[in-house]
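Student: The structure's right below; bear with me while I get my questions together.
The values are calculated or read from the model by the stated rules, or taken from the named source; none is laboratory data. Everything numeric here is computed off the predicted structure, so don't read it as measured data. Note: ideal-geometry Cβ built from the backbone for every residue, glycine included; neighbour counts use all protein chains shown.
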Amino acid sequence: MRVGPLTFSDTTDAASFYCGATWKLALEEHLKKPYVGVAGLPLYRCRSLRGPSALVSVPFRDRGGFETDEIHAIESGIRDAIDVAKRLRAGRITINHANETQAAALERNGFKRVDRGIECVLDLEGSYEQFLERLKPSLRWSIRKSAKEGVRVVATAEEADRLGFYSLFRSFRKSMGVANVPYPFFHSLLEARGESVLLLAKSLQNEIEGGLICFRDDSEAYSGYLAYKTSSVRRRVVDSLFSEAIRWAFQNKLQRFNFGTDSANQKTLIDYKRKWLGAVVGRHRWHFWIRKERSLNLDTETTSFRFARAAFRNAPGPLYDFLSRMSLRYWE
């Protein structure tokens, strides 16, 4: 697959796809999250159901944070971010990702570290074929089984395929009890040639059985959005999608494949990702309270989130779409 020129700002290894222009455009234009970032630190203003707004780096993802490891730039960015938050009368600043250098600076300046979840990242060493050889035989069998049952995975930029995936994605999200995102959001991300790919698993009848959107920067690939038919599980469609996503990362000579971060309570999902030989590590986020600190639990496996999921899952289609639009106003 040809890789076009990258358009994001990336001056050091600290910056990720989610710090860049493509993600910024999608959030501002289609999810109405105003960009209020300072030099070296992307920030977005997010509404709150209770109290003042928050400045978040970055919403909807477990990445973001500083674009540099230079300590003076980090310290300056922290001071500027606090000044902006006070001027906008925000209640807090939240940084969703930081390496050791950045974390130390945040904590020196009054940010509080809280647990965020478990991240799984695969180092892309050697070749794709060598990677396959390191997998357990049972996982290699699953990948072969999918192909034998007629499932083929293709990278596509066709509008009909994008719309087909979006229809499946909406149904998948509703079955999970999770808010959907508008189609233009996906469309803008997929228009960034060289930074994203849509992989579709199709049957012999050319029906879409599942799909996966991945993103990339100059060193890392990210699993972005996944959806699949429940009936396709026995054909190991998800295994085929991740196998091809990792192949895509190898082809683009990237260093890592990031499976994303999940709640520590999602043990089954974390164990599945570990099958792909990824290393798991606890991740954190950092809060700075401009106003009075209050309880803030963003773990989607809590009881309150489970009640919300039940409401989304059981809502009629039009009501589900309405609830999705409303929740996206406050989601971060």
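Student: Can you find a residue in region 247-259 that is assigned to a loop (DSSP other than H, G, I, E, B), touching a helix residue (DSSP H, G or I) at 6+ places or on another chain (Cβ under 8 Å) and modelled with pLDDT of 95 or more?
Tutor: no
Student: Please state which one of 224, 260 is touching a Gly at 6+ places or on another chain (Cβ under 9 Å), touching a residue at least 24 places away in the same chain (Cβ under 8 Å) and on the phi > 0 side of the Ramachandran plot.
Tutor: Of the residues listed, the single one that is touching a Gly at 6+ places or on another chain (Cβ under 9 Å), touching a residue at least 24 places away in the same chain (Cβ under 8 Å) and on the phi > 0 side of the Ramachandran plot is 260.
Student: Mind checking which residues of region 154-167 are surrounded by 19 or more Cβ atoms within 10 Å (Cβ to Cβ) and touching a residue at least 60 places away in the same chain (Cβ under 8 Å)?
Tutor: 165
Student: If residue 236 passes every condition in (1) closer than 26 Å to residue 141 by Cβ; (2) under 20 Å from the mean Cα position of the chain (by Cα); (3) of a type outside the set (Gly, Ala, Ser) but one, which one does it miss?
Tutor: (2)
Student: If a residue has to be in a helix (DSSP H, G or I) and crowded, with 20+ Cβ neighbours inside 10 Å to count, how many in region 260-276 make the cut?
Tutor: Within region 260-276, residues that are in a helix (DSSP H, G or I) and crowded, with 20+ Cβ neighbours inside 10 Å number 2.
Student: For the structure I just gave you, tell me whether residue 265 is more than 15 Å from residue 142 (Cα to Cα), assigned by TED's automatic domain parsing to the domain that holds residue 145 and in contact (Cβ under 8 Å) with a residue 40 or more places away in the chain.
Tutor: no
Student: Do you know which of the residues in region 81-109 that are touching a strand residue (DSSP E or B) at 6+ places or on another chain (Cβ under 9 Å) and among the β-branched types (Val, Ile, Thr) is farthest from residue 282 (Cα to Cα)?
Tutor: So the residue we want is 84.
Student: Quick check, is residue 191 among the acidic types (Asp, Glu), touching a residue at least 60 places away in the same chain (Cβ under 8 Å) and assigned by TED's automatic domain parsing to the domain that holds residue 259?
Tutor: Answer is no for this residue.
Student: Would you call residue 180 at positive phi and of a type in the set (S, T, N, Q)?
Tutor: Here the answer is no, as residue 180 does not meet what is asked.
Student: Next question. Being in contact (Cβ under 8 Å) with a residue 24 or more places away in the chain and surrounded by 14 or more Cβ atoms within 10 Å (Cβ to Cβ) is the filter here; which residues of region 133-153 pass it?
Tutor: The answer is 135, 139, 142, 143, 145, 146, 147, 149, 151, 152, 153.
Student: Restricting attention to region 192-211, which residues are of a type in the set (Asp, Glu) and closer than 23 Å to residue 18 by Cβ?
Tutor: Result: 195, single match.
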